Amino acid sequence: MTGGLSDRITVTQSGKTAQLSVDKSSLSFKAEGESQTVNITSNLKWRLQNNNSWLSVSPNTGEGSMSVTITAESNGGGERTATLTIEPTDTKASSVTLTITQKEGELSVSPTSASLRGEEGSSTNISVTTSGDWQLRGCPEWLHATATSGRGNTTITFSALSENFSDEARSATLTFTAGSKSISATIRQAGLL
């Protein structure tokens with residue numbers, strides 16, 4: 001009886017190398033808000049974690065390489081930052097992060113000093129320039145404002161609700177606020193006597 005020879009052959013197939021990256025590590029947004037795009041390069045399923053109410057992301061999940069649009073709302077306050085995390089959903093591959101910065105909102109008021117005649121109905125305009133929400137405080141009973149809050153650039157008309165029967169002027173100090181910023185303005189109504 002003749003014995004036979006046998007050989008054992010081992011075949012090894014390597015798995016694919018996980019790939020997940022983004023073409024930018026940080027983005028800077030204007031205070032008035034805008035959209036920007038980043039490109040994700042991947043051979044995996046992934047999701048983008050966003051816990052910031054002032055940012056929106058589309059799409060926030062995907063598979064493979066694709067572009068993602070990130071939109072920041074207008075900012076009426078101070079500079080703000082956020083970190084977005086892009087992570088694989090079905091492997092233990094490393095996640096990547098994207099740092100978002102948005103510039104501080106602006107606020108300007110013009111003019112900061114205005115005058116009214118002594119008669120009822122005399123009016124003047126003040127313009128508010130801001131990238132976000134604003135509020136107005138300090139209107140006395142004799143002064144009417146067409147708006148006391150709003151969003152973005154606005155022109156407000158101030159009108160005297162009554163005559164100033166006095167030999168002295170009366171004045172109102174108004175405070176305009178947007179985020180952490182505030183500006184004061186004064187409106188003066190002349191006396192009729």
Within the range 129-143, how many residues turn out to be in a strand (DSSP E or B), buried (at least 16 other Cβ atoms within 10 Å of the Cβ) and over 18 Å from the mean Cα position of the chain (by Cα)?
2
Asn50 meets each of (1) open to solvent by 50 Å² or more (accessible area, probe 1.4 Å); (2) at pLDDT 90 or above with one exception, condition (1)
If only one of Glu73, Glu120 is touching a Gly at 6+ places or on another chain (Cβ under 9 Å) and acidic (Asp, Glu), which one is it?
Glu73
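So which residues in the range 144-156 are of a type in the set (Gly, Ala, Ser) and part of a loop (DSSP other than H, G, I, E, B), if there are any at all? Show your work before the answer.
Our first condition is that a residue be of a type in the set (Gly, Ala, Ser); within the range 144-156, this holds for 145, 147, 149-150, 152.
Passing the criteria: Ala147, Gly152.
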Counting only residues in the range 60-86 that are under 17 Å from Arg151 (Cβ atoms) and hydroxyl-bearing (Ser, Thr, Tyr), the one least open to solvent (accessible area, probe 1.4 Å) is identified as Ser74
The listed residue being assigned to a strand (DSSP E or B), under 25 Å from Leu193 (Cα atoms) and in contact with an Asp or Glu (Cβ under 9 Å, 6 or more places away or on another chain), out of Ser159, Ser115
Ser159
Of all residues making up the range 101-125, the number that are at pLDDT 95 or above and among the acidic types (Asp, Glu)
2
Can we say Glu104 is farther than 30 Å from Glu34 by Cα and part of a loop (DSSP other than H, G, I, E, B)?
no
Taking the range 163-181 and keeping residues among the hydroxyl-bearing types (Ser, Thr, Tyr) and either in a strand (DSSP E or B) or surrounded by 13 or more Cβ atoms within 10 Å (Cβ to Cβ) (or both) leaves Ser166, Ser171, Thr173, Thr175, Thr177
Hits in the range 77-99 (condition: over 20 Å from the mean Cα position of the chain (by Cα), modelled with pLDDT of 85 or more and among the charged types (D, E, K, R))
Glu87
Of (1) in a loop (DSSP other than H, G, I, E, B); (2) of a type outside the set (A, V, I, L, M); (3) touching a strand residue (DSSP E or B) at 6+ places or on another chain (Cβ under 7 Å); (4) without any contact (Cβ under 8 Å) to a residue 24 or more places away in the chain, Asn52 satisfies all except one. Which?
(4)
Return the residues of the range 126-148 that are modelled with pLDDT of 95 or more and of a type in the set (Phe, Trp, Tyr); say none if nothing qualifies.
Trp142
For the range 32-45, how many residues meet the condition of being at pLDDT below 95, assigned to a strand (DSSP E or B) and buried (at least 16 other Cβ atoms within 10 Å of the Cβ)?
1
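The values are calculated or read from the model by the stated rules, or taken from the named source; none is laboratory data. Given the structure is predicted, the values throughout are model-derived calculations rather than measurements. Here Cβ is always computed from backbone atoms with ideal geometry, including for glycine, and neighbour counts include all displayed protein chains. Surface accessibility is based on the protein's heavy atoms, side chains included, excluding ligands, DNA and RNA. Shrake-Rupley method; radii C 1.70, N 1.55, O 1.52, S 1.80 Å.
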